[in-house]
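Where a number appears in this text, it was derived from the coordinates with a stated rule and is not lab data. Keep in mind the model is a prediction, meaning the values are calculated, not measured. With ideal geometry, Cβ positions are generated from the backbone for all residues, glycine too; neighbour counts draw on all protein chains shown.
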């Protein structure tokens, strides 16, 4: 792919950014500048470890949401692992949880392009597919924070369901060769403590608006497979963690709170558990399914490491050097808050089908945990800009209705109380008076008492480069 010329455009057309992302100021569709704090230059570049023989009918791969957490791992992996085989196009609207810093290290890669666009805009999606001769889509883009889905769930339906529909229809129109849809283990619903991992043909039973929107998207994907013979695969993964995850999620959020010497805010009784998979292993799983999976199939990505929120708190306190062997010590650093309206106790999936393709979990919880926490100690406070708004127990969300689901470029404030405009250096419009009715999902915990550092050594060394 040759260099694309730099251009500034208006309306809803995507901004195409050439190679050398680090060498020039980027301009979004409203003319706002994306600042570069340069932090990415000193940070380690993470990717997966797998490499397969390139597929002869796959050349130009579009990764939606490619500047976000998991997708940026895949973008870096595919770009750097297959430099002579595949061209990678990262398509992202740069929502609050994305960051150009996640992909700036690829600025000198000739097989990488960034397109600033929204998956809910049919004309720009189709134009991108045609211009870049896309034959494969890895669809990661989604609203994914469950807490936010309890507030303005319309945004989740718009992005996760309608956005997926736009991609599917555009893919059908251009004759796409493969469409890989990234879903979630949450579509299965809650799994009891004595229940084994669920297999791929288990009936879906989502319990929150986020999971329901992802299940609905899967129905569309299946519909296009059955009706139009669009070559599709669906992937459902356990919880992925690692560097580059926006700090609204529990591991980076708790790490940043302790780094600020503030109490950990624990939803409910803290006994909810999740199976955690390191992002490098997840990246390898996506690469494996992309190259060895069968069209029309669903694949679970499992994890062996199930951790309760109480246990996670204890391990983080140990890492930071805070004594927590007694209840009084533990609750000097931890504060229970109101729970979600509904909070699944645990999820579990069976990964036998994926393991038959040759994938296995390689990163131990201990190794992945130390790498992740160390990275957030060093980079977590500055990677995304101002993240002050994520440290309450629950986010405050601007209430919306189905008639006010609009392009994020026009209403960045609609995404919540997080200072969206400060992230990535975007300068937003002034909030409009008619949007001023903020409705909190839960009352924020205001009495967060900063914790004094204990006498024990406090681990602030960060990630060892």
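Points worth noting:
- An oblate overall shape is assigned to the stretch 45-185, the ratio a/c of its alpha-carbon gyration tensor axes (a ≥ b ≥ c) being 1.5 or greater and a/b not exceeding b/c.
- Counted residue by residue at 0.36 nm each, then reduced by the alpha carbon distance between them, the extension gain from residue 269 to residue 366 reaches 32.5 nm.
- Between residue 228 and residue 310, the contour length at 0.36 nm per residue exceeds the alpha carbon distance by 24.8 nm.
- Shape call, the stretch 78-129: gyration tensor on alpha carbons, a/c limit 1.5: oblate
- Rough spin-label spacing in nm, given labels placed 7 Å along Cα→Cβ, for residue 327 and residue 381: 3.4
- Cα→Cβ-extended label distance, 7 Å offset, between residue 85 and residue 199, nm: 3.1
- Shape call, the stretch 188-334: gyration tensor on alpha carbons, a/c limit 1.5: prolate
- log₁₀ of I(q)/I(0) at q = 0.17, 0.18 Å⁻¹ - the stretch 190-263, Debye sum with one point per alpha carbon: -0.90, -0.95
- Among 324-333, 106-115, the peptide with the highest mean count of other Cβ atoms within 10 Å heads the list, and the full ranking is 106-115, 324-333.
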